[in-house]
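Step one of this worksheet: look at the structure below.
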Amino acid sequence: MVKLGPFEGIPKPFLAVRGQRGLLRQIRETMEEGQSAQARLDTVVRIIASSMVAEVCSIYLRRTSEELELFATEGLNADAVHKTRMRLSEGLVGEVARAGTPLNLMDATSHPSFSYRPETGEDPYRSFLGVPLLRGGRTIGVLVVQNMAARRYEEEEVEDLQIIAMVLAEIVTAGDLVGIEELKDIELAPSRSERLKGSIFADGISLGVVILHEVPVTSDHLLSDDSTAEEVRLNDAIVLLRDQIDAMFEGTHGLAGPTFDVLETYRMFAHSTSWVRNLTEAVRNGLTAEAAVDRVRNEQRAKLNNARDAYMRERLHDLEDLANRLLRVLAGKNTTAREIPDNSILVARDLGPADLLEYDRSRLKGILLEEGSASNHAAIVARALQIPCVGRLQGLRDKVSQGDTVVVDGETGEAYLRPRPDIIEAATTRIELRAAQRAEFSKIKDVEAVTRDGDRITLLMNAGLEFDIDIMNEAGAEGIGLFRTEFQFMVSDDLPRLKRQTELYERIMDGAGDRPVTFRTLDLGGDKILPYMEMEREENPALGWRAIRMGLDRPALLRMQLRALITAARGRELRIMFPMVASIDEFRQAREMVDIECAWARRRGRVLPALLRVGAMIECPSLLFHLDALLPLVDFASVGTNDLMQYLFAADRTNPKMSDRYDTLSPPFLTALSMIQKAARESGTPVSVCGEIAGRPLEAFVLIALGFDRLSMPPAGLGQVKRMILSCDREAASKAITKLMSSSNGSLRNEILSLARKLDLDM
């Protein structure tokens, strides 16, 4: 069978091409003429009107006042130019700008958004076609054609006008059509200082310049001189892109059974005939391959953003990632590495499993996301790297441009876009203060964490990536209390096989030396979805098929990981911990798999761990009422406060409306923690806390008061928690906290803050 190229079988609209290319050529020639800006605009609308056989053609541009102003027209009253203005929510033009999608009407006056503007003289014109001028996904203006006859414009006409609008958007933005001086009040790109409120994904504060995750297409690379050669470039790039994706997909053959729906969908997009058809038609109409990709991307974005089906909206990220990859192939750049300047702030709608690996970590100083959650891959890696990250910033991508100065405030969950000098000064001061604090913490990193009344507290670190070993050494952690093994799976393009897993676990234990490392088995599912693993869509994923449930249902997956851990130990101590255990039977089944793998290794003469300790995470409320049965079975336990909190209060921690609704310093939650600690003490079972609250000084103070001696936390919290411990009178704190817990208040935070001040805690 002969393998067809991506363009074969697509009809070539010769007449349409000739007309479109001629139009674009005329626009280009107009740009080069030594006329005034207004004369050039007037010429452009006449050219478009003639080409589209339209009686009216008008260009509206977006002012800094968030109004759309009529800048040029052919067919309407010339006196209305620069006088007719409307809000973004006003009239048909405003509707096009607001939605960012074309509006095609046979009878404009019957549309509910129609707004009559008598000064324009548009009374005779019934049919209306408006398309947005999009720049980086942001509407900077609207291009309109109108006719007297009631007619619905053909699909090809809409396509033609969209291409023209794209070209106009780029050349207007570049100042090639309208002079820079004339553009000073035009909102071609966001220019005002803005403060956006979002959610804290990773603590810290940084100041830097915006780097857009999606590849921008520059205005000097829009119109092609040779459409045939451009089509060949696009064809070759698509073939190379498909080969790359196919190779990635073939790397999943090690998993038996699953169909890999997510990755298959991604591959399907790359092989989509309609996607390729849209790309090639744009190229044949006179655009470069890069401009064609950008135009199709904008169109897909507009369609999927308005889709009712949440799954289809989620696929927008796949499509945009595909477009970005294709643009990088066209540019001849490595698809896995991007050069960025110092003090870069990465801006994206969201980031996928391997996206952050494209950037130089030493130059990446902050991350801003329009979507995402505190528990997604980007946020977790950002915390591990100690890179400030703020997410859920509504409308972010519309409000920033490449190179903008921004402040990422991971202490308050805010982003300052193009900040005023006083904001920059304040941010710089806070950055310097945090640097001074880190220097202070480094002085005590080798000091034992002992309370004023002589109790020793063990401070461990949460980790998940190999470079965390270096961070552990710098922060002075006494070991790793939680190693998230799923990170290796999340940053990989395919399932890590036995050898790769073993090698990673060996390097982690080698780097830790004599310090303990607790490996948590795979905690996948929920919001942690692998692109190469089949996962059913769940209505309530946090309560669904995840963590140990997945491991027990897919024993081959869990046993391979256990085998890798046992092999990697090489006769050393091995600590294995199972996540999200909800019943005693689940732990027994998981523990039996450990014994099976140990027996397998023993039969083959393999070296077994010198000391094997198997524990469970306490994060399901059901275990609170079965601790007497669980604790005798485990060698240790660890409290996962993140999930325990959300399950105890039935509050999704990834939902911004719920994440701050309930307080960890509340009587119900502190009572649950006290129950766990008391049961562990009575049974003689070592217990630690490995949730996020362990890294916050005030919450850590309460944990110590409740009797916990082992805390595992993000590395950023180690210094400040140790400083607090050195100033803490544990006995006094314990008595006071016990009294407070009988309160009927929903939160004890204010009372505990007052107590901390009374006890002169250093926080």
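The values are calculated or read from the model by the stated rules, or taken from the named source; none is laboratory data. None of these values were measured; they are calculated from a predicted model. Every residue, glycine among them, receives a Cβ derived from its backbone with ideal geometry; neighbour counts consider all protein chains shown.
Details
- Exclusive hit being within 25 Å of residue 562 (Cα to Cα), out of contact with any Leu (no Cβ under 7 Å at 6 or more places or on another chain) and either modelled with pLDDT under 95 or among the aliphatic types (A, V, I, L, M) (or both), set 608, 612, 624, 648: 608
- Enumeration of residues in region 541-599 that are in contact with a strand residue (DSSP E or B) (Cβ under 7 Å, 6 or more places away or on another chain), in contact (Cβ under 8 Å) with a residue 24 or more places away in the chain and outside any helix (DSSP H, G or I): 546, 547, 573, 574, 575, 576, 577, 578, 579, 580, 581
- Count of region 570-628 residues which are closer than 23 Å to residue 514 by Cα, over 39 Å from the mean Cα position of the chain (by Cα) and hydrophobic (A, V, I, L, M, F, W, C): 5
- Unique match (being within 32 Å of the chain's Cα centre (by Cα), at pLDDT 95 or above, in a helix (DSSP H, G or I) and hydrophobic (A, V, I, L, M, F, W, C)) among 705, 700: 700
- Test: residue in region 605-625 that is more than 25 Å from residue 711 (Cα to Cα) and in a helix (DSSP H, G or I): no
- Pairs, first crowded, with 23+ Cβ neighbours inside 10 Å in region 54-73, second of a type in the set (Lys, Arg), C-beta under 6 Å, six or more apart: 68/62
- Taking region 434-523 as the region of interest, the helices (runs of 4 or more DSSP H) fully inside it that hold 2 or more residues being within 14 Å of residue 712 (Cβ to Cβ) and touching a residue at least 24 places away in the same chain (Cβ under 8 Å) are 468-475.
- Residue 747 closer than 30 Å to residue 197 by Cα, surrounded by fewer than 16 Cβ atoms within 10 Å (Cβ to Cβ), under 34 Å from the mean Cα position of the chain (by Cα) and of a type outside the set (Val, Ile, Thr): yes
- Test: residue 693 is crowded, with 21+ Cβ neighbours inside 10 Å, modelled with pLDDT of 95 or more and in the same structural domain as residue 613 (by TED's automatic domain parsing): no
- Filter result for residue 403 (at pLDDT 90 or above and among the small types (Gly, Ala, Ser)): no
- Identity of the residue in region 199-230, touching a strand residue (DSSP E or B) at 6+ places or on another chain (Cβ under 9 Å) and hydroxyl-bearing (Ser, Thr, Tyr), that ends up modelled with the lowest pLDDT: 224
- Scanning region 359-370 for residues that are in contact with a helix residue (DSSP H, G or I) (Cβ under 9 Å, 6 or more places away or on another chain), crowded, with 18+ Cβ neighbours inside 10 Å and at pLDDT below 90 yields a single hit, 370.
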